[in-house]
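Colleague: One structure follows; several queries about it will come next.
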Amino acid sequence: MNKNMSYDAVMDRRSEIMKKSVGIDYNDFEYEGMGFDYERMMNETGYTLDEIREIQGSTGVGNTPLIELKNLTALARKFASKGNGARIFIKDEASNPSGSFKARRAANAVYHAKKLGYKGVIAATSGNYGAAVASQAAMQGLKCIIVQECYDSTGKGQPEIIEKARKCEAYGAEVIQLTVGPELFYTFLKLLEETGYFNASLYTPFGIAGVETLGYELVEQIREREGRHPDVVVCTNAGGGNLTGTARGIIKAGAKYTNIIGASVNLKGLHMASDKLFNKKSFTTGHTGFGIPFSTWPDRSDVPRSAARALRYMDRYVLVNQGEVFYMTEALAQLEGLERGPAGNTSLAAAFSIAQELKEDEIIVVQETEYTGAGKHIQPQLSFARENGIEILFGDPKEEIQGENIVLPSHPSQIKAVDTDLNKLKASYIKNCIKNTGAKEATIEDIEFLIKETKSSNEFVKNTLENLNINIK
Amino acid sequence: MVKKGSWVMVHDIVLEANERSTNLPEDTKKVPLEMWAKGFLLEDGQMGDIVEIKTITDRLVKGTLLEVNPSYDHNFGKFVPEILEIGIRLKHILWGGEANE
C-alpha cells in the first residue's frame, strides 16, 4: 500500500474511510438543504429497544440498581425553603461490566461490528468508553484498539486517563497514547485504514440507541416503586450521547413530561487543544470543553452525522464547578456509602442544587455513576491538581477560577447549579449550521429541521435566521 | 541489550510541529504530536534504538525503544487533608450539632 499518509492526504480520505468503517452511507439521510432525517437514520440503522435490551442483557449490561439517596435528600432539605427538597435517586451505572453507562453504547456497537463481519473495533476515546468497548470486544471475541489523548509535551499524563488505559489493557485491548491535539483523529483514521476494523464511534445510531435502555429502565424503576414518573432527570453532558440516548428512552417509556437537564463541569477558559492547559484541568470529561461545542455543533464528531444531538432534548443546561463535583463525590461516599468516580458525579452535584428548587414530593433522578480506582478518584485527582500548581481551598465555589484553583464549598448550601442561557446555545447552533452548510437561504424544510434540532419554535428559528441575514424562501 | 520477544514500550513522533494541523493554539503548534505504543520486540535492540514491535492486536509499529516491561505507576496520589474534612463537616451538619445548635 503506497498511499499518501500525510496529514492532509489522510484527512482528505476521511469520508471514504468512515463509510467503510461504520457501514452507514450517511448520504442516504440527507435532505436537500441544511438538514437530514434524524429519526429515519435512528430507525434504519439502529436497533429497536427490545433488540437492544436483548443484546445488552446477553452481555450483562444494564438493569442497574436505582438507589434512593436518603441522606443527601435530607441534607438538601436543610437548605431548601419549607416544603422543598425533592427526593434524589441515582442510577448506579458503575455496576455495568466495564464500570459505567458506556457499556450500553459499546454493547450495541460491538455487537453490530461482529454482525457485519468486522474482525476488530477501534474507538478514539480517553474516557470510560474505551474500557466499555474493550470489555465488549473481549466478550464477543473481536480485537480492539483504543486511541487516547493522554500526555502533555513534557510526557506528563492525566492520572484519570492512564487508569483508563490500564483498564482497556486489562480487557486485552491495544492502547495507543498520544499527546494533546485534535490530530488524534488523523491517527485514528490511519488505524481504521490499516486494519479495516469497525469504527466504534461514540456517535453512531447504534451507540446512542444503546443508551435508550438507560432512560427506559429508570422510568420503569421509578414507576414500579412510586407509581409515577420522575419529574426531573439530570444527565452529565459532554458529547451529548448520554443525554440524547437517555432522553429518547425516557420518551419511549411514556414519561413525556419529565424534564431533562444537562449538567457539565465548568472549565471556562481552559482551551481543550492547549498543551500547557491540558494538565491544569481536573476533569477529562463531562465538562464544558466538550459540552458546549458538541451541543452547538454535534457534527464535529468522528462521523458525518452524529446521533447525539443534545439540544433536541435538553430543557435546561446547568454548570457546576470542579470543587462542587469533588465535594459531592466525597459526600456520596461519606453519607451514602457509595464510592464512585468523580466525573460521573457532575449530574449529582447539579441535582443536589436543583432538588432544593423542587417540592418534597417530587422526584429527581441522577442517571449515572462510574467506577473509581487509582488515578480516577477524588484523592489522586486533587493530588495531581496540587502538583500542577492548582490551589485547593475551602470557600465559596462561585469564586473558583478554572486552571488556578479548585474551591471546595465551605458549606454544602453553597453548591449551586448555574443555568446557561439555552436560547443563546440554540442560536449558536443555528449559526453554526448556516456556517457549516454554507446555506444562503432557508426553506420551510430547513426551518422545520432547525426547530427540531433546537427544540424551539418557528418564531425563534425565524428570528435567529433574520438576525443572521438569511432569507426565508 | 533488550532481547527479542520482550514486552516493551516504544515512542514515536506522529507529526513534527511543522506538519501539524493549522488550527491549533500557539503552545500546541510549537510541539510535535507524539505517540506511545506497547508490544513484543521483533529483534534484539538497545534502549533508544528505532525498533519494530508487534502489538497485542498483531500490528507492526516502529518507534524508539523506551521501556522494557512497562508498568503502571498511577496511584492514589499524595494525601489531600481537605478531603478528610468534607466528611466530618457533612456528618456534623446532617446529624451532629447544627440542628441542635
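Read-outs throughout are calculated quantities, based only on the coordinates presented, and are distinct from any laboratory measurement. Note that the structure is a prediction, hence the values are computed from the model and not measured. So basically every Cβ, Gly included, is an ideal-geometry build from the backbone, and we count neighbours across all protein chains shown.
Colleague: Based on the alpha carbons, how large is the Rg to Rh ratio for the stretch B:7-72 when Rh follows Kirkwood? Don't skip to the end; give the middle numbers.
Modeller: Details: Rg = 13.8 Å, Rh = 12.8 Å.
Across the stretch B:7-72, the Cα-based Rg/Rh ratio is 1.08.
Colleague: Also: Could you tell me what fraction of 2.2 N^0.38 Å the Cα radius of gyration of the stretch A:174-228 comes to, as a two-decimal ratio? List each step's numbers first, then the result.
Modeller: Working: Rg = 18.5 Å, N = 55, 2.2 N^0.38 = 10.1 Å.
Relative to the 2.2 N^0.38 Å estimate, the stretch A:174-228 comes out at 1.83.
Colleague: Which pairs break 19 Å Cα to Cα here: A:K70/A:K359; A:K115/B:K38; A:K435/A:K462; A:K268/A:K455? Show your work: numbers first, answer last.
Modeller: Details: A:K70/A:K359 15 Å; A:K115/B:K38 29 Å; A:K435/A:K462 16 Å; A:K268/A:K455 25 Å.
Violating the 19 Å limit, Cα to Cα: A:K115/B:K38; A:K268/A:K455.
Colleague: Per residue of A:377-386, count partner chain C-beta atoms within 10 Å of its C-beta, then hand back the mean as an integer.
Modeller: 5
Colleague: Hey, could you get me the Stokes-Einstein D for the stretch A:114-178, Kirkwood radius over alpha-carbon pairs, 10 °C and 1.306 mPa s, rounded to whole µm² s⁻¹?
Modeller: Numbers: Rh = 11.8 Å.
The diffusion coefficient I find is 135 µm²/s.
Colleague: Can I ask one more? On the first, second and third principal axes, largest extent first, how far apart are the outermost C-alpha atoms of the stretch A:314-473 in Å?
Modeller: Sorted from largest, the Cα extents of the stretch A:314-473 read 59, 43, 28 Å.
Colleague: With viscosity set to 0.692 mPa s and temperature to 37 °C, compute the Stokes-Einstein D of the protein assembly as shown, Rh being the Kirkwood radius across alpha carbon pairs; µm²/s, no decimals.
Modeller: On the way: Rh = 24.4 Å.
After rounding, the answer is 135 µm²/s.
Colleague: Under 10 Å, Cα contacts only: if you run a Gaussian network model on chain B, which one of B:K38, B:K29, B:K91 comes out with the highest mean-square fluctuation?
Modeller: With Cα springs under 10 Å in chain B, the top fluctuation among B:K38, B:K29, B:K91 is at B:K91.
Colleague: A follow-up question, please. Applying 1/(1 + (r/R0)^6) with R0 = 56 Å to the Cβ-Cβ distance of A:D12 and B:K91, what FRET efficiency is obtained, to the nearest 0.05? Walk me through the numbers before you get to the answer.
Modeller: On the way: r = 60 Å, r/R0 = 1.07.
According to the calculation, E is roughly 0.40.
Colleague: Please average, across the residues of A:172-180, the number of beta carbons from any other chain that are within 10 Å of each residue's own beta carbon, and give a whole number. Write out the running numbers ahead of the final one.
Modeller: On the way: counts 2, 2, 9, 5, 8, 7, 5, 10, 7.
The shielding value for this peptide is 6.
Colleague: Order these by the 10 Å Cβ neighbour count, fewest first: B:L94, A:L393. List each step's numbers first, then the result.
Modeller: Details: B:L94 18, A:L393 13.
Ordered by Cβ neighbours within 10 Å, fewest first: A:L393, B:L94.
Colleague: Where the centroid of each part is defined by its Cα atoms, how far is the stretch A:290-307 from the stretch A:216-247 in Å?
Modeller: If you average the Cα positions of each part, the centres end up 22 Å apart.
Colleague: For the stretch A:422-472, go through all pairs of different Cα atoms, get the mean of 1/r, take its inverse, and jot down that Kirkwood value in Å. Write out the running numbers ahead of the final one.
Modeller: Values: mean 1/r = 0.0951 Å⁻¹.
With all distinct Cα pairs of the stretch A:422-472 included, I get 10.5 Å.
Colleague: Under the rule of -39500 (n - 2.57) per DSSP H run of 4 or more residues, summed and divided by the residues of chain A, what mean residue ellipticity at 222 nm is obtained, to the nearest 500 deg cm²/dmol? Let's see the in-between values first.
Modeller: Numbers: 18 runs with 207 residues, N = 473.
The helix-only estimate for chain A comes to -13500 deg cm²/dmol at 222 nm.
Colleague: Which helices of chain A meet both criteria: a Cα extent of 30 Å or more along the helical axis and a mean Kyte-Doolittle score no lower than -1.0, with helices taken as whole DSSP H segments? Display every interim value, and only then the final one.
Modeller: Values: long enough: A:205-226 (32 Å, -0.24).
What comes out of the filter, once short or polar helices are dropped, is A:205-226.
Colleague: Also, I was wondering about something else. On average, how many beta carbons from a partner chain sit within 10 Å of the beta carbon of a residue in B:23-32? Write down the numbers at each step before the final one.
Modeller: Values: counts 3, 8, 9, 3, 10, 14, 3, 2, 8, 3.
The mean count of partner-chain Cβ atoms within 10 Å per residue comes to 6.
Colleague: If you don't mind, another one. Would you please report the Å³ per residue occupied by the convex hull of the alpha carbon atoms in the stretch A:254-348? Walk me through the numbers before you get to the answer.
Modeller: Working: hull volume 12.7 nm³, N = 95.
Enclosed volume per residue, from the Cα hull, is 134 Å³.
Colleague: Taking every DSSP beta bridge that has both residues in the protein assembly as shown, what percent is antiparallel when rounded to the nearest 5? Before the final figure, lay out each step's value.
Modeller: Working: 31 of 69 bridges.
Roughly 45 percent of the DSSP beta bridges within the protein assembly as shown come out antiparallel.
Colleague: Kindly rank A:253-266, A:100-113 from highest to lowest mean number of other beta carbons found within 10 Å of each residue.
Modeller: Values: A:253-266: 21.7, A:100-113: 30.1.
Order by mean packing, descending: A:100-113, A:253-266.
Colleague: Between B:L42 and A:K3, what is the FRET efficiency for a Förster distance of 25 Å, r being their Cβ-Cβ separation, to the nearest 0.05? Could you put the intermediate results ahead of the total?
Modeller: Working: r = 23 Å, r/R0 = 0.94.
Once the sixth-power term is evaluated, E becomes 0.60.
Colleague: What is chain A's relative contact order, in percent, from Cα pairs under 8 angstrom and six or more apart in sequence?
Modeller: Numbers: 1003 pairs, mean separation 86.6, N = 473.
Once normalised by length, the contact order is 18 percent.
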